[in-house]
Amino acid sequence: MTWHWSGLILFSLTLLPAGLIMVTGRVPERPRTRLVPAPPRAWAVLALYAAAPLNAIPRLAGASPAIASAATATAGVVTATGCGVAAIALHRAAGAAS
């Protein structure tokens, strides 16, 4: 259980604020050039963050193994979607730069 709490705290302190800042468009000017387009990347970061609560909360709540497995499978789908959105945003940014 310690690893679940540690992972949830770590991801909540790193990915959640970064994703929320990028979604609201409050990215500082210096990293803004590297993060264009910011909104798709922000949604990708938030999707990657969503894997932490989806994996940790059912286990910390003592849910049945079937519910924990379903939450883990959902986390995998959300993470794969986030990776896909990040890859598409990177591809579009590279195409716009050239």
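Numbers below:
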read-out: Residues of the range 43-68 with amide N under 19 Å of a point placed 7 Å along Cα→Cβ from residue 14; value: 43-57
read-out: Simple spin-label estimate for residue 72 and residue 21 in nanometres, 7 Å along Cα-Cβ; value: 3.3
read-out: Mean Cβ count within 10 Å, highest first, over the residues of peptides 41-50, 76-85; value: 41-50, 76-85
read-out: Karplus-derived 3J(HN,Hα), 6.51/-1.76/1.60, for each residue of the range 57-73, Hz, glycine and proline x; value: 4, x, 6, 5, 7, x, 5, 5, x, 5, 5, 4, 5, 5, 5, 5, 5
read-out: Area accessible to solvent at residue 64, 1.4 Å probe radius, in Å²; value: 50
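The values are calculated or read from the model by the stated rules, or taken from the named source; none is laboratory data. Worth saying up front: this structure is predicted, and the values here are computed from it rather than measured. Cβ: placed from backbone, ideal geometry, glycine included. Neighbour counts: every protein chain shown. Each accessible area value is taken on the protein alone, full model and side chains, heavy atoms only, with ligands, DNA and RNA left out. Shrake-Rupley method; radii C 1.70, N 1.55, O 1.52, S 1.80 Å.
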